[in-house]
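Participant: Provided herewith is a single structure, encoded as structure tokens, for subsequent inquiry.
The values are calculated or read from the model by the stated rules, or taken from the named source; none is laboratory data. Please read all numbers here as calculations on a predicted model, not as lab measurements. Using ideal geometry, Cβ is built from the backbone for each residue, glycine included, and neighbour counts are taken over all protein chains shown. Ligands, DNA and RNA are excluded from the accessible area calculation, which covers all protein heavy atoms including side chains. Shrake-Rupley method; radii C 1.70, N 1.55, O 1.52, S 1.80 Å.
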Amino acid sequence: MLFLAEKLLSQQDLLSGAGFALYNESTTRSWEIAWLYRPQSHRLAKNYCLNKASQHLVDYQTFSWFSTVKETKEGYLHGPYVDYVCNSTYTLTYLYPVYFDKQLIGVAAADVMVGQLERILRDTLANERLPIVMTTPSGRIFFSNLPNYRVGELKSRSALIAHLRSQYFTLWDEDSEYGAIPP
């Protein structure tokens, strides 16, 4: 699994970490986790985020992302949240359940630092004058070019209009002089 995570990290500059959490429902032991992350100063993943001495203290089954992935049996975008383990910055994690013989055996995951995503979106939209806010489906902001909408906050009820919804994000804009973004 680490080979696949390293390959993914070397091919996708947007990703800051990737790995796999092995799960065995029949044991009371916590998960075994293998994680590679890309330090900001290196192009390729060089470090393992493993601490076997403290792993037994973490029960991933209690985390909301685990119950969501287990219940829906689908991919899930979690965040933004501050990742205190690997990069100490706002992060989005895409998680996907892995099954063997219809039995959940673990969760594969990949991290994107929100700042990196924000730079790409900002650079892509540099010549556009449209006011934009992007949120997770639950309403947590992970990009905005409007000063009153901060990354990590829940989008408040406001005059924003939803123009594009997917299972991973909602794109909002203001009803303004620039007009609406086509759906």
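Participant: Condition first: closer than 17 Å to Phe20 by Cβ, among the hydroxyl-bearing types (Ser, Thr, Tyr), free of Cβ contacts under 8 Å to residues at least 60 places away in the same chain and not in a strand (DSSP E or B). Can you find one or more residues in segment 60-72 that meet it?
Facilitator: Looking for residues that are closer than 17 Å to Phe20 by Cβ, among the hydroxyl-bearing types (Ser, Thr, Tyr), free of Cβ contacts under 8 Å to residues at least 60 places away in the same chain and not in a strand (DSSP E or B), one finds at least one in segment 60-72, hence yes.
Participant: Out of all the residues in segment 64-84, which are surrounded by 15 or more Cβ atoms within 10 Å (Cβ to Cβ) and hydrophobic (A, V, I, L, M, F, W, C)?
Facilitator: Trp65, Phe66, Val69, Leu77, listed by residue number.
Participant: Determine whether Arg157 is part of a loop (DSSP other than H, G, I, E, B), in contact (Cβ under 8 Å) with a residue 24 or more places away in the chain, within 30 Å of Glu174 (Cα to Cα) and not acidic (Asp, Glu).
Facilitator: On the way: part of a loop (DSSP other than H, G, I, E, B): yes; in contact (Cβ under 8 Å) with a residue 24 or more places away in the chain: no; within 30 Å of Glu174 (Cα to Cα): yes; not acidic (Asp, Glu): yes.
For Arg157, the condition - part of a loop (DSSP other than H, G, I, E, B), in contact (Cβ under 8 Å) with a residue 24 or more places away in the chain, within 30 Å of Glu174 (Cα to Cα) and not acidic (Asp, Glu) - is not met.
Participant: Just a yes or no: is a residue in segment 35-48 loosely packed, with under 11 Cβ neighbours inside 10 Å and modelled with pLDDT of 70 or more?
Facilitator: No; the residues of segment 35-48 include none that is loosely packed, with under 11 Cβ neighbours inside 10 Å and modelled with pLDDT of 70 or more.
Participant: Can you tell me which residue among Leu171, Leu130, Leu160, Leu154 is open to solvent by less than 80 Å² (accessible area, probe 1.4 Å), closer than 21 Å to Tyr76 by Cα and of a type outside the set (D, E, K, R)? Don't jump to the end; show me each part of the working.
Facilitator: Working: Leu130 fails: closer than 21 Å to Tyr76 by Cα; Leu160 fails: closer than 21 Å to Tyr76 by Cα; Leu154 fails: open to solvent by less than 80 Å² (accessible area, probe 1.4 Å).
Just a single option satisfies the conditions, and that option is Leu171.
A quick yes/no check of all residues on (1) hydrophobic (A, V, I, L, M, F, W, C); (2) crowded, with 20+ Cβ neighbours inside 10 Å:
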| site | (1), (2) |
| --- | --- |
| Thr91 | no, yes |
| Tyr94 | no, no |
| Phe100 | yes, no |
| Leu104 | yes, no |
| Ala109 | yes, yes |
| Met113 | yes, yes |
| Arg119 | no, no |
| Leu125 | yes, no |
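Participant: State whether one or more residues within segment 25-34 are assigned to a loop (DSSP other than H, G, I, E, B) and modelled with pLDDT of 75 or more.
Facilitator: no
Participant: Also, quick follow-up: Kindly establish whether Lys52 is at pLDDT below 90 and surrounded by 12 or more Cβ atoms within 10 Å (Cβ to Cβ).
Facilitator: Taking the combined requirement at face value, the residue does not satisfy it.
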